[in-house]
Amino acid sequence: MQRLITDITKIMKIALIGYGKMGKMIEQIAKDRGHEIVSIIDIGNQEDFDSEAFASADVAIEFTAPQAAYGNFLKAFAKNVKVVSGSTGWMKDHGEEVRKMCSEGGQTLFWASNFSVGVAIFSAVNRYLAKIMNGFNQYDVHMEETHHIHKIDAPSGTAITLAEEMIAELDRKDSWVKGQENQPYDSRSLRIDSLRRGEVPGIHTIRYDSEADMITISHEAHSRKGFALGAVLAAEYTKDHQGLLTISDMFEF
């Protein structure tokens, strides 16, 4: 159990956008840390975006479907409510618009494909290892991500973020590609294999393989609690910061 916030000046009013398993877990952790949930918005009460309760929130935490996320940002921004979001799949179509709203329009969005503290550490290790491996061309690299059968997007947003971090450091890789069984792929592409199994919260494994040996790093989530706690920590950070924020702003590795 996380230590409760005792400084009353740090207690936040939080709105929840999306009230599935993650939303309910975030609600409990936020309450455990002393925060107040002032509004809960789901599919059946979209009109509450216009409520005084929602407008009173210091931060809204948003976990919904990719097709809904951008619209939710706009509704929150219209009320000058800061947003923390873990929704993926919207960046390609709306990333530039959101950046402009945050850089020029005075809005604030903290976005991450994964809020787990462990994944933040894993990501830092991934970047450092890729920088080292840029000098050892005998190692090819690929990634495997495993999630529960209910996850729609593949590869996962976390896998894409990790892949883009590696591509930025590895001269021999230009892009990532979704792995397909029995399909060849360009050696300059970083292959991501996606598996969907049971109720697995999330496993990400990166392998550097050569004729001589293989180097593997992996992160495995035991539950969604790490993601939910990270989202609340991000909201606490976002309350006192502005602009387009992400994990690297909150954690200085």
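For a straight C-alpha distance cut-off of 28 angstrom, the lysines reachable from residue 21 (same-chain residues fewer than eight places away being disregarded) are 10, 13, 31, 75, 79, 82, 92, 151, 178, 225, 239. Stokes-Einstein diffusion for the chain at 25 °C, viscosity 0.890 mPa s, with a Kirkwood radius from C-alpha pairs, works out to 127 µm²/s. Treating the angle as unsigned and between 0 and 90°, give the value, to the nearest 10°, between the Cα long axis of helix 66-78 and the longest Cα principal axis of the chain. Approximately 40 degrees, to the nearest ten.
Please find the FRET efficiency linking residue 181 to residue 32, where r is the Cβ-Cβ separation and R0 is fixed at 51 Å, and quote it to the nearest 0.05. So, using R0 = 51 Å, E works out to roughly 0.70.
Along the chain, the longest continuous region that contains none of the GluC sites (Glu not before Pro) in a DSSP loop with at most 15 other C-beta atoms within 10 Å is 1-103.
Excluding ligands, DNA and RNA, the accessible surface per residue across the chain is 52 Å² with a 1.4 Å probe.
Summary value for the chain: 21 percent relative contact order, contacts being C-alpha pairs under 8 angstrom separated by 6+ residues. Here the calculated FRET efficiency for residue 207 and residue 93, from their Cβ-Cβ distance with R0 = 41 Å, stands at 0.85, rounded to the nearest 0.05. Taking every alpha-carbon pair under 8 Å whose residues sit at least 6 apart, the range 19-121 reaches a relative contact order of 20 percent.
Shown for the range 89-168: the carbon plus sulfur share of the solvent-accessible area, taken with all protein chains present and a 1.4 angstrom probe, equals 54%.
Taking trypsin sites (Lys or Arg not before Pro) across the range 173-208, the ones in a DSSP loop with at most 16 further Cβ atoms lying within 10 angstrom of their Cβ are 188, 197.
If you take every DSSP beta bridge whose two residues both sit in the range 171-233, what share of them, in percent to the nearest 5, is antiparallel? Expressed as a percentage, antiparallel bridges in the range 171-233 total about 65.
With Cα atoms defining each centre, the range 15-87 and the range 204-253 are spaced 22 Å apart in the structure.
The values are calculated or read from the model by the stated rules, or taken from the named source; none is laboratory data. Predicted model only: the values in this text are computed from it and were never measured. Virtual Cβ from ideal backbone geometry, glycine too; neighbours counted across all protein chains shown. Each accessible area value is taken on the protein alone, full model and side chains, heavy atoms only, with ligands, DNA and RNA left out. Shrake-Rupley method; radii C 1.70, N 1.55, O 1.52, S 1.80 Å.
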